[in-house]
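Below you'll find the structure, written out as structure tokens, and then a few comments.
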Amino acid sequence: MNFPVLSVITFTPMVAAVLILLLPAQRKNEARAVALAAATFALILSLWTYFNYDQAAAGYQFVEKYNWLPVLGISLHFGVDGISMPLVLLTGVVMFTGVLISWGDDHPHVMAGIQDRPREFFAFLFILASGVLGVFVSLDLFMLFFFYEIAVFPMYLLIVIWGWIETREYAAMKLTLYLFIGSVVSLVGVLVMYWIQYQNTGLLSFDMLQMEQAGFSQTFQNIWFLPVFFGFAVLGGIWPFHNWSPDGHVAAPTAVSMFHAGVLMKLGAFAALRVGIMLLPQGAQTWSWLIMAFAAIAVVYGAYIAFVQMDFKYMVGFSSVSHMGLVMLGFSTLNQQGLLGSGVQMFSHGVMTALFFAVVGMIYDRAHTRQIPELGGINKIMPFATIGFIIGGLVSMGMPGFSGFVAEFPIFMGVWGRQWLVAVIASISIVITAAYIMRNIRQVFFGELPEKFEGHLTDVTVLDKVAIAVLCFFMVVIGLFPRFMVPMVQTGVENILRLLGGQ
Amino acid sequence: MFTSTAFASILPEILILILGILLLIVEPFWKEDQRRNAGWFTAGGLLLAMVISFLFGQPGQPVATLGGMVRFDWLGFFFKLLFMFAGAVTALLLMENEKVGQRGEAYLLMLASLIGMNLMASSADLVMLYLAIETTSIPLYVLSGFMLADEKSTEAGFKYLLFGALTSTIMLYGFSLLFGFTGTTNIYQLADMLQSGDLSLVAAFGVLALILVGIGFKVSIVPFHFWAPDVYEGAPTPVAGFLSTASKAAGFAVLVRLFFVAFPNFAPSWTLALAILSAVTMTVGNLLALPQTNIKRLLAFSSISHAGYVLIGAVALSQLGAASVVFYLAAYILTNLLAFGIVMAFSRITGLEDLKDYAGMSRRSPWLGLMMLAAFLSLAGMPPFGGFVAKVFVFAAGIQAGYVWLVVIGILNSIIGVYYYLNALKYVYLYRMPEQDEESHPVPLTHPYIIALGVLAIGVILIGTVFAPWFSWSDAAALNLF
Amino acid sequence: MNFIDTHLLSLILFVPALAAVIILFLPNGENKLFHWFTLGASLIPFVLSLVVWFRFDATQSGFQFEEAYVWYEAIGSSFHLGVDGLSLTMVLLTTLLTPLAILASFSISDRVKAYMMLFLFLETGMLGVFMALDLLIFFVFWEVGLVPMFFLINQWGSANRNYASMKFLIYTMGGSLGLLLAIQMLGVLFGHFDLVRLYEGWNSLDPTKTLLGLPVSTVKAIAFWAFTIAFAVKVPVWPFHTWLPDAHTEAPTAGSMILAGVLLKLGAYGFLRLILPLYPNEARIFAGALAVLATAAIVFGAFAAYAQTDFKRLVAYSSVNHMGFVVLGIAAAAFAAGTNDATIALNGAILQMFNHGLSAAGMFFLVGVIYERTHTRDLGKFGGLFPLVPVYGGILIFTSMASLGLPGLNGFISEFLVVRGAWPILPIYTAISMLGLLFTGAYILKGIKQVLHGPLNEHWARGEHKLTEINTREILVMVPLMALILWIGIWPAWILNVINNAVVKLF
């Protein structure tokens, strides 16, 4: 494939960001239009790449390599495998739907979307998107880091400027500091790996495919796996470093929450997998029990805390902690089923939580409250959004027929293969999740519409409906026809297993 | 003796001298309101000098020239280009400063200082070095106190003078001891003498400590940093920018050349000492920056902490270490000049320098806001700006040399840095003016500013993304030290 | 035609779901359209299942009409469908009751579109469980049936529906949690979920070896209990039954019909399809405990029914009572697997499943009929209604007699078979359940008396509360049920043959 599709996908948002910044400040609609065009373009490209991916072939595809700084072994090396391809698609989808949700219609009653400085908003959002895509496709550690850090600072600006006024400053700073700390901890580990590889093989290279054969000793791996893995896993929301996530989710504006929970947390998990597990496999085996323990706690604790929330958005935020815990749980099994489930769960949860935040945002924009006891009867006003949320809720519960089940079932199977007790404990979360999802759906969407809302609430816009429909589409299709994603993830998993020593 | 190599080795200085003389001649013929054209003249002249030097004055293999006083190599050459660039930008920024920029003497003083800096970067002899340092510093003392009517400026100039004089005297004493022990003032001969000689560790340490006082003052590391916040705050802002970048870089050029060349065999001791100093500098700089409300003081303490980061590369005592120092300084010069330039642009219109006065600036001038974003994020070490790559390289050098603990401290300090840099940006982007009428209070930029800040901003981004050519030059410069 | 022939089961399974999707796109507000379209759509699976019934070869062992498609290869699960005598009976029951329930729902006028869609999805869920020959698919459809039922109760139920629907959901999900874990474990151990292969593989595991760090027998015992609890909640076996009275009472009429008529059978089916073949030893060991619980259900269910003042709750407890017989039969069969008595008991149990489906659905419908007219279910508020509504009264008496087990009607046959089979195997428990049987008569008759006989309650005799007779549509709902009740009661061979052949092959 000669067309450098991966670089185009990665850099399109960045280019679009620059273009948007060049527009005059008053031209809000033009800014939105450019943003939508770029997002659509990126989505189409990622869909094209997805369907042209050879699901039977192992290894990386659509590879591009450009030397960047040969003296130090830095190159622009792009490629996708079975695990990162769905994530690239996920980013395209969330970017697209995020732009739709943020459209903003300058309507007096409804505070929908982004109406204040949309130009800067979309510019920063797209810089974030470029960073995210860059991490997913990077096969060079330096560049992976480069893009990873690019994804950090826009979050601060997006939350602090357009976020929820009560907590945005606190949440934005907390989030940025946590993520930055996590990433620099990993940086130390990565630099150490870089030099030890040089000592072992005489090669000065950041290339990840090269580093798979660096010959790190067992002791080295045992020591350095922890900072590298957990540094990245902070962004994945692993307990006990998850604290930034609920506040960050809630304070952020809707599209940013969608991005944050839907894609950014996957970034952390993915990097932890790519760099931690794949490059330090023996270290991973030594410490898998710890990851499993933390992940199991995250799964149950997250579900339980979500259960007691009164704020709708906090409920979704904590449910994200729980579901990302499942991803980490799958990682910790280091076997075929667990890794497969995690790969699918990253996609499935990404779409699901994007939908959740989108709908919560739609409700908040109109009702100006997120307190569950104060809401009710939303179904009468926004039936489309209600059905969307119900579908998302079913995915969240792991209901068969939807992508959540396709993801969660293998994770549990994988855990069974390692430690059956953990599987039993983690499964408690399924019941808790069902309880709070059903209870809150009933309370918020059905029941009586409070009087103060009568006549003040409007239905969601056409763009919102398109966004919801797109997200639901993926959740249903993957749920009914796993073969559209599972074989692809499987090839990626096989690669990981090979590195782990064929388990 | 006066061969073409010798000529080429000081070509930049000669050109600057010519420029200065020309300025001196031309300037009286301008009327009062045209005086600011001196800025265009200086900047254009320096740019021309850079081009000519690059075309005709590139070094080949490192050689000593002018009787061993000057060493003609890439290290010096690269720094000279950087200094001249910084000078050109500063000249542009000075132009709009009414009290300072309308007077030709300011530019002359700056050019004089530039010559000194260039010589500092290429000195191979202790005496030459001392001369160069003084040539650099004295004009800067005057420039700092240039605004006679302003108390703070006078205080700044005076403080700078006192500190500078004291520390350079101590350093001179160190130099004299060194001569006493080895019988030579040539840095490269010193290396041989010290290797074969029987200079005890204690004595060497003592000498190094004395020298470090002077150099430490120049680069403002702890505990020689006390002058920096007051001087930066009081001096005219472009001068502060020039001080914090070019002058500091010159100091580092000296440090690197002197320590790497003359004292490598005492290595573990002084590298450890430098490492400790580095750690302390970073920490003190960052911690003290946290409570600052005046943006110039904040930038001052941030500069102090950045000196600490650069030192990590020096501590590494390797080719990568030296290369990372050079690269870091290049990125740092661009970034800090940008930061100070923005502060200048803002205070020119508003006359205010407190953080809270920056509220709503991104709405008053979106481009200025974006450039401030670039500058501060680069200082924080975020991609795609130069500060990120620079920090990674410096950390990589540190880890390669085995100073993992130092790198960890560096990282922790970066986190503190992120906090206060983002905090400052919060004022710019989130907070609004009391009446929320930013549109009626724009911050217009004149041509000199647009050119200067634009070039700097693009430079910051370029050095952070397409960093290969910059690093190659830094690497070539570093190669000359081994 | 060939496509239909080779895909009979998938068509039966998916036509309701497809119809539901079509309804989604129909214009809003057309209630009549929804009613008739759904009725028509639900008749298609019924016709197709009749086709399957008549083509079914009762002499052959194993599963027929098998279909297998690739689904989730990576973890070893395929979309494998098939029926034998047992599941075919259940499929027929489901496809029969669903159209009747829909016909009964014609009186619903609130959000008819959503209601009908949920009903059709529910049908697919139930059918999927009965047809699945892959454990994962079994579980998928088991869960799929939960959500529509939750919403049906929650949105169209009566006063206490929030509580009842939540209780239903949590109980059932909690119960099936163990099932989920056990299925995962089986998948991990064997690398596939195919039921037919699992039967052999699981039973051929050497009991002296270890599995997952524990001895095989321990693992089997744990898995056995995981499966058992899940199904016990669904049946429901005493003491896991407490969700049932609330759910049945609060659900809308048609919901109760399906809940009692089919959903409870899912649990019993699970016992027969999964527990007995996979865990014959454990089942035998614990058969005694199961029998105790069955007897408790029979006796306590009857007592509780007797004490009710709410008509619907009375019928709900009668379900506990009748399902107790099913469990008793299963327990007996587990205890003495392979013997003639066991076969008889099992025949009775399965027939009881079918029969109870008919009579319970009928009873709940009739309660619904009177409720729609009087808006109360309080037995005390009725009285002497027979002269006002003679046709309704006759039908009510007929159906109640079936529930009571009057000889000549279907209930008698199945209960007799269970008792006959269980007596030699578990005499004491059977004897105690006779007590229950006695009280069944008591509560049924009491119920009829309070509604139909005695002095006429003037309140319903005239004016705005004047009771109207049962109408044609409602009669049409009851007629197929009554016909089958009578037919099975008089000549049960046509269904017992199919069941018997399946039972004999089960062991």
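The values are calculated or read from the model by the stated rules, or taken from the named source; none is laboratory data. On a predicted model such as this, the values are computed, not experimentally measured, just so you know. Glycine also receives a Cβ, built like all others from the backbone with ideal geometry; neighbour counts cover every protein chain displayed.
Tabulated results
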| read-out | value |
| --- | --- |
| Residues satisfying the stated conditions in segment A:397-420, i.e. outside any helix (DSSP H, G or I), facing another protein chain (nearest Cβ under 8 Å) and of a type in the set (A, V, I, L, M) | A:MET399 |
| Pairs, first more than 7 Å from every other protein chain (Cβ to nearest Cβ) in segment C:142-162, second among the basic types (Lys, Arg), C-beta under 6 Å, six or more apart | C:ILE153/C:ARG161 |
| Test: residue in segment A:313-327 that is within 14 Å of chain C (Cβ to nearest Cβ), among the basic types (Lys, Arg) and touching a residue at least 60 places away in the same chain (Cβ under 8 Å) | no |
| Among residues of segment A:460-476, those that are surrounded by fewer than 16 Cβ atoms within 10 Å (Cβ to Cβ) and more than 14 Å from chain C (Cβ to nearest Cβ), counted | 2 |
| Test: residue in segment A:162-173 that is within 11 Å of another protein chain (Cβ to nearest Cβ), part of a helix (DSSP H, G or I) and modelled with pLDDT of 90 or more | yes |
| Residues located in segment A:60-72, provided they are surrounded by 13 or more Cβ atoms within 10 Å (Cβ to Cβ) and closer than 18 Å to A:PRO4 by Cβ | A:TYR60, A:GLN61, A:PHE62, A:VAL63, A:GLU64, A:LYS65, A:TRP68 |
| Search result, residues across segment B:354-388 that are in a loop (DSSP other than H, G, I, E, B) and within 19 Å of the chain's Cα centre (by Cα) | B:GLY381, B:PHE385 |
| Single unsatisfied condition, A:GLY92 versus (1) among the small types (Gly, Ala, Ser); (2) within 14 Å of chain B (Cβ to nearest Cβ); (3) within 30 Å of A:PRO24 (Cα to Cα) | (2) |
| Conditions (1) in a helix (DSSP H, G or I); (2) surrounded by fewer than 24 Cβ atoms within 10 Å (Cβ to Cβ): number failed by A:GLY376 | (1) |
| Residue in segment B:424-431 that is over 25 Å from B:LEU290 (Cβ atoms) and in contact with a Leu (Cβ under 7 Å, 6 or more places away or on another chain) present | no |
| Helices (runs of 4 or more DSSP H) lying entirely in segment C:73-150 (those with 1 or more residues that are within 25 Å of C:LEU484 (Cβ to Cβ)) | C:85-104, C:112-131 |
| Every residue from segment A:379-396 that is surrounded by 24 or more Cβ atoms within 10 Å (Cβ to Cβ) and within 9 Å of another protein chain (Cβ to nearest Cβ) | A:LEU394 |
| Some residue of segment A:440-457 being at pLDDT below 90 and facing chain C (nearest Cβ under 8 Å) | yes |
| Residue within segment B:458-473 that is in contact with a Ser or Thr (Cβ under 8 Å, 6 or more places away or on another chain), surrounded by fewer than 24 Cβ atoms within 10 Å (Cβ to Cβ) and away from chain A (no Cβ under 11 Å) present | no |
| Residue match in segment C:447-459 (condition: in contact with a Pro (Cβ under 8 Å, 6 or more places away or on another chain), at negative phi and not in a helix (DSSP H, G or I)) | yes |
| Those residues of segment B:8-45 which are surrounded by fewer than 16 Cβ atoms within 10 Å (Cβ to Cβ) and either touching a strand residue (DSSP E or B) at 6+ places or on another chain (Cβ under 9 Å) or not in a helix (DSSP H, G or I) (or both), in sequence order | B:TRP30, B:LYS31 |
| Options C:VAL327, C:VAL320, C:VAL369: the member that is part of a helix (DSSP H, G or I), in contact (Cβ under 8 Å) with a residue 12 or more places away in the chain and more than 19 Å from C:LEU266 (Cα to Cα) | C:VAL369 |
| B:SER474 more than 22 Å from B:PRO291 (Cα to Cα) and over 24 Å from the mean Cα position of the chain (by Cα) | no |
| Filter result for the condition that a residue is in contact with a Gly (Cβ under 6 Å, 6 or more places away or on another chain), under 30 Å from C:TYR371 (Cα atoms) and crowded, with 21+ Cβ neighbours inside 10 Å, over C:MET126, C:MET117 | C:MET126 |
| Yes/no for A:SER183 being buried (at least 21 other Cβ atoms within 10 Å of the Cβ), within 13 Å of another protein chain (Cβ to nearest Cβ), assigned to a helix (DSSP H, G or I) and polar (S, T, N, Q) | yes |
| Residues of segment A:480-492 classified as more than 19 Å from the chain's Cα centre (by Cα) and more than 8 Å from chain C (Cβ to nearest Cβ), total | 4 |
| Positions within segment A:186-218 being within 13 Å of chain B (Cβ to nearest Cβ), in contact with a Ser or Thr (Cβ under 9 Å, 6 or more places away or on another chain) and without any contact (Cβ under 8 Å) to a residue 40 or more places away in the chain, in sequence order | A:ILE196, A:GLN197, A:TYR198 |
| Candidate set from segment C:58-104 (those that are over 24 Å from the mean Cα position of the chain (by Cα) and of a type in the set (A, V, I, L, M, F, W, C)); member that is modelled with the highest pLDDT | C:ALA68 |
| Residue within segment A:134-152 that is crowded, with 24+ Cβ neighbours inside 10 Å, facing another protein chain (nearest Cβ under 9 Å), polar (S, T, N, Q) and within 20 Å of the chain's Cα centre (by Cα) present | no |
| Yes/no for A:ASP106 being over 21 Å from B:LEU370 (Cβ atoms), modelled with pLDDT under 90, more than 9 Å from every other protein chain (Cβ to nearest Cβ) and surrounded by fewer than 24 Cβ atoms within 10 Å (Cβ to Cβ) | yes |
| When residues of segment B:342-398 are limited to those that are at positive phi and within 13 Å of chain A (Cβ to nearest Cβ), the one surrounded by the fewest Cβ atoms within 10 Å (Cβ to Cβ) | B:GLY360 |
| Condition met for C:GLY187 (part of a helix (DSSP H, G or I), within 11 Å of another protein chain (Cβ to nearest Cβ) and closer than 24 Å to C:HIS241 by Cα) | no |
| Boolean, A:THR353 is of a type in the set (Ser, Thr, Tyr), in contact with a Gly (Cβ under 9 Å, 6 or more places away or on another chain) and more than 21 Å from A:LEU480 (Cβ to Cβ) | no |
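Let's see how each residue does on (1) under 29 Å from C:ILE275 (Cα atoms); (2) touching a Lys or Arg at 6+ places or on another chain (Cβ under 9 Å):
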position: C:TYR306; (1), (2): no, yes
position: C:ASP310; (1), (2): no, yes
position: C:ASN321; (1), (2): yes, no
position: C:VAL326; (1), (2): yes, yes
position: C:ILE330; (1), (2): yes, no
position: C:ALA333; (1), (2): yes, no
position: C:GLY338; (1), (2): yes, no
position: C:ALA361; (1), (2): yes, no
position: C:LEU366; (1), (2): no, no
